[in-house]
Amino acid sequence: MNLSHFFADGQNIWQILLFAVVFLVCWNLEYLFGVSKNYNKWKHSFTNALFIIPGGIMQLILGVLFVKVLLWENANGVGLLPRLNLASNWQQIVVTFIVLDFFYWMYHFLMHKIGFAWRFHAVHHSDKVMNVTTSLREHPGETLIRLGHYMLAVWMLGTSFWIITLHQFIQIVSKIIVHSNWRLPDNVDKWVSYVFLTPNMHHVHHHEEQPYTDSNYGDLFSIWDRVFGTFRYLPAHEVRFGLDVELFDNEEQLKFKKLIKVPFTKANLSNE
Ligand SMILES: [Zn+2]
Ligand SMILES: [Zn+2]
């Protein structure tokens with residue numbers, strides 16, 4: 001199979017099917033190896049699934065602009081990468097993945113550190129049980145900020161369109177895996193997490209108290225958390241998912257229609 005052909009036309013039906021397979025495998029592994037017991041998985045997942053609607057609309061609108069500009073850049077040799085005269089696709093892939101991963105780390109760090117941005121990102125962190133569906137729980141305001149940031153980074157690079165589709169494909173697969181409720185055995189995680197973001201690392205990121213919430217910001221790789229000193233570890237039995245703020249103690253506040261309004265309320269969302 002030729003990689004560039006598989007990703008040449010953007011997301012196709014085969015890629016969407018692969019997402020569904022990864023999602024279903026992770027969903028079922030949660031029944032066998034999940035760390036959270038005694039919660040209503042279907043009810044919990046329904047709330048998270050509702051975020052697909054506003055998020056999907058936002059992605060569609062931005063996606064059209066994103067693709068149009070990138071294809072124009074590719075046709076006219078615009079961007080940093082065409083100037084580097086990289087000899088092979090692999091070099092272009094390596095540079096793109098490292099740069100975009102760094103931009104994601106910075107974006108995620110800023111979402112935690114800037115008060116206005118945190119009010120949107122806190123909705124993702126409000127989930128009291130983290131499972132594969134938490135990957136869908138993103139306020140549309142955050143989708144706008146995240147994709148805006150991603151688009152600017154990609155346009156600056158001017159990477160080939162198919163490599164960006166490949167990056168997004170791997171990013172989505174990784175998002176599903178790291179939000180899974182199961183963890184890698186600690187002795188395996190110890191080694192894998194030297195390079196890659198793992199479910200264990202992201203579980204720590206979803207712990208309800210600081211300094212753990214403000215750690216492990218990575219997207220695909222753990223290297224930036226290692227470099228900038230934001231890598232943290234907690235054993236499974238010490239992780240409590242959610243955010244330790246008064247607002248989210250109230251079950252009513254964790255319903256979709258209330259969560260959408262959270263960024264615009266006056267509630268204190270700091271768990272410092
Ligand atoms: Zn976060
Ligand atoms: Zn997360």
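The values are calculated or read from the model by the stated rules, or taken from the named source; none is laboratory data. Remember, predicted model here, so these are calculated numbers, not experimental data. Methodologically, a virtual Cβ is constructed for each residue, glycine included, from the backbone with ideal geometry; neighbour enumeration extends over all protein chains shown. Remember, those area values only see protein heavy atoms, side chains included, never the ligands or the DNA or RNA. Shrake-Rupley method; radii C 1.70, N 1.55, O 1.52, S 1.80 Å.
Within segment 188-227, being free of Cβ contacts under 8 Å to residues at least 24 places away in the same chain, away from ligand 2 (no atom under 13 Å from the Cβ) and part of a loop (DSSP other than H, G, I, E, B) holds for one residue alone: P211. When each of L144, L60 is tested for being touching a residue at least 12 places away in the same chain (Cβ under 8 Å) and away from ligand 2 (no atom under 14 Å from the Cβ), the lone residue that passes is L144. Listed here are the helices (runs of 4 or more DSSP H) enclosed by segment 15-97 that have at least 2 residues being modelled with pLDDT under 95 and within 28 Å of P185 (Cα to Cα): 41-49.
A quick yes/no check of all residues on (1) open to solvent by 20 Å² or more (accessible area, probe 1.4 Å); (2) at pLDDT 95 or above; (3) touching a His at 6+ places or on another chain (Cβ under 8 Å); (4) within 14 Å of ligand 1 (Cβ to nearest atom):
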{"position": "W191", "(1), (2), (3), (4)": "yes, yes, no, no"}
{"position": "E208", "(1), (2), (3), (4)": "yes, yes, no, yes"}
{"position": "T213", "(1), (2), (3), (4)": "no, yes, yes, yes"}
{"position": "N216", "(1), (2), (3), (4)": "no, yes, yes, yes"}
{"position": "G229", "(1), (2), (3), (4)": "yes, yes, no, no"}
{"position": "Y233", "(1), (2), (3), (4)": "yes, yes, no, no"}
{"position": "Q253", "(1), (2), (3), (4)": "yes, no, no, no"}
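Against the conditions (1) without any contact (Cβ under 8 Å) to a residue 60 or more places away in the chain; (2) surrounded by 19 or more Cβ atoms within 10 Å (Cβ to Cβ); (3) among the aliphatic types (A, V, I, L, M), A267 satisfies every one except (2). Quick one: count up the residues across segment 133-150 that are open to solvent by 10 Å² or more (accessible area, probe 1.4 Å) and either aliphatic (A, V, I, L, M) or over 27 Å from G115 (Cβ atoms) (or both). Of the residues in that region, 4 qualify.
Quick check: anything in segment 256-271 over 21 Å from K37 (Cβ atoms), hydroxyl-bearing (S, T, Y) and within 13 Å of ligand 2 (Cβ to nearest atom)? Scanning segment 256-271 turns up no residue that is over 21 Å from K37 (Cβ atoms), hydroxyl-bearing (S, T, Y) and within 13 Å of ligand 2 (Cβ to nearest atom). Residues of segment 9-51 that are under 18 Å from F241 (Cα atoms), open to solvent by 100 Å² or more (accessible area, probe 1.4 Å) and not aromatic (F, W, Y): K37, N38, K43. Checking each residue in segment 65-75 for being open to solvent by less than 90 Å² (accessible area, probe 1.4 Å) and free of Cβ contacts under 8 Å to residues at least 40 places away in the same chain picks out only A75. Between S174, S270, S180, the distinction of being within 15 Å of the chain's Cα centre (by Cα) and either of a type in the set (A, V, I, L, M) or within 16 Å of ligand 1 (Cβ to nearest atom) (or both) belongs to S174 only.
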